[in-house]
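What follows is a short report on a single structure.
The values are calculated or read from the model by the stated rules, or taken from the named source; none is laboratory data. Given the structure is predicted, the values throughout are model-derived calculations rather than measurements. In this analysis, Cβ positions are derived from the backbone assuming ideal geometry, glycine residues included, and neighbour counts consider all displayed protein chains.
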Amino acid sequence: MRKHILAITIICAMVAGCAHNEKAQSEAEKATGLTEKESANSKIDSNMKKIMIIDGGPRKNMNTAAMVEAFAEGVREGGAEAKVVRLYDLEYKGCRSCMACQLKDKRVPSCQWKDELTDILAECTNADGLVIASPIYYGEVTAMTRAFIERLTFPWLSYSEGKIEAPKKMPVTMIYTMNAGPAYSEQMHKGALGQVESLLGSALGCTVEIIEANNTTQVKDYSRYDFSEGTAEAKKKWRDEHWEEDLQKARDAGKRMATNE
């Protein structure tokens, strides 16, 4: 009888222990938001390539944002992580010329000025690929994009060695959306755009890939704005003929970067 009671006591203790463990596991899952299986998968995912995609356009639902999302889709299809950052959502300025990144024997791989861009710059420096997307204003990238590039690249510059070199090499793609047609865009690459592309290519040890969407639609209702007669019709015709092709170019480029093709 005593043995029987003892056996029942042990079984009850084991059941209580299992229940406690299940409760503890359940609480852990609630705290992390991950099941045990998902947690294991997240560890595997940490080994994925990470592609940083910088959206330097001001509008969330227009041309540049659409091209960025298409590129991100291609990256994910290729099995890599795509992190999209919208610069216009962040509070920051360009290089302050504090020179902290140029101190002797205290060089740092990324800008240390503390604001909402600091951690993004560090992520870009350590990524496996970099994409910078911007609409073209007066033949150049947006001011926010320019400020980002200043902050990203200046720590890589060595005055004493006369060169600019990032601590990690990676592929780079520039995505441009513009009102101008293909003929005019060729001229821009010989000016300010070409200088930026050369800078990034030299620093990151690659040939920068260029993806363009030309003659883009600037507004949804042209009748409300001061455009020349016939602009709306011409823009619509071009968009109908080229826009899906432009998106596919971005998607294909994203997959190439993810798979090293």
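Listed by first and then second residue, the pairs linking a residue in segment 189-208 that is over 13 Å from S134 (Cβ atoms) to a residue that is surrounded by 19 or more Cβ atoms within 10 Å (Cβ to Cβ) and aromatic (F, W, Y), with Cβ atoms under 9 Å apart and 6 or more places separating them unless they lie on different chains, are A203/W156; L204/W156.
As a summary of the residue check, D115 satisfies the conditions (1) at pLDDT 95 or above; (2) among the charged types (D, E, K, R); (3) closer than 28 Å to A70 by Cα; (4) out of contact with any Gly (no Cβ under 8 Å at 6 or more places or on another chain) except for the one numbered (3).
Within segment 75-104, restricting attention to residues that are part of a helix (DSSP H, G or I) and more than 13 Å from the chain's Cα centre (by Cα), which residue is nearest to S158 (Cα to Cα)? The qualifying residue nearest to S158 (Cα to Cα) is Q102.
How many of the residues in segment 82-106 are without any contact (Cβ under 8 Å) to a residue 24 or more places away in the chain and farther than 30 Å from M62 by Cβ? So the count comes out to 9.
Table: residues versus (1) under 16 Å from the mean Cα position of the chain (by Cα); (2) in a helix (DSSP H, G or I); (3) surrounded by 17 or more Cβ atoms within 10 Å (Cβ to Cβ).
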site	(1), (2), (3)
K106	no, no, no
C124	yes, yes, yes
M144	yes, yes, yes
F154	no, yes, yes
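Checked against (1) part of a helix (DSSP H, G or I); (2) in contact with a Pro (Cβ under 6 Å, 6 or more places away or on another chain); (3) not polar (S, T, N, Q), D252 passes all but condition (2). Screening S160 on (1) of a type in the set (S, T, N, Q); (2) assigned to a loop (DSSP other than H, G, I, E, B); (3) surrounded by 15 or more Cβ atoms within 10 Å (Cβ to Cβ) shows it passes everything except condition (3).
Selection over segment 200-226 of residues that are β-branched (V, I, T), touching a Phe, Trp or Tyr at 6+ places or on another chain (Cβ under 9 Å) and either buried (at least 17 other Cβ atoms within 10 Å of the Cβ) or closer than 20 Å to Q248 by Cβ (or both) gives a count of 4. The residues on offer are E245, E197, E229, and the sole one that is surrounded by fewer than 11 Cβ atoms within 10 Å (Cβ to Cβ) and assigned to a helix (DSSP H, G or I) is E245.
For segment 126-142, residues that are surrounded by 17 or more Cβ atoms within 10 Å (Cβ to Cβ) and part of a strand (DSSP E or B) total 7. Of the residues in segment 170-190, at least one is in contact with a Leu (Cβ under 7 Å, 6 or more places away or on another chain) and either among the hydrophobic types (A, V, I, L, M, F, W, C) or surrounded by fewer than 19 Cβ atoms within 10 Å (Cβ to Cβ) (or both). Screening K236 with (1) part of a helix (DSSP H, G or I); (2) modelled with pLDDT of 95 or more; (3) over 22 Å from T142 (Cβ atoms) gives one miss only, at (2).
Contact map, segment 155-184: first residue farther than 30 Å from T231 by Cβ and touching a residue at least 40 places away in the same chain (Cβ under 8 Å), second residue assigned to a loop (DSSP other than H, G, I, E, B) and acidic (D, E), Cβ cut-off under 8 Å, separation 6 or more or different chains; pairs are W156/E165; M170/D128.
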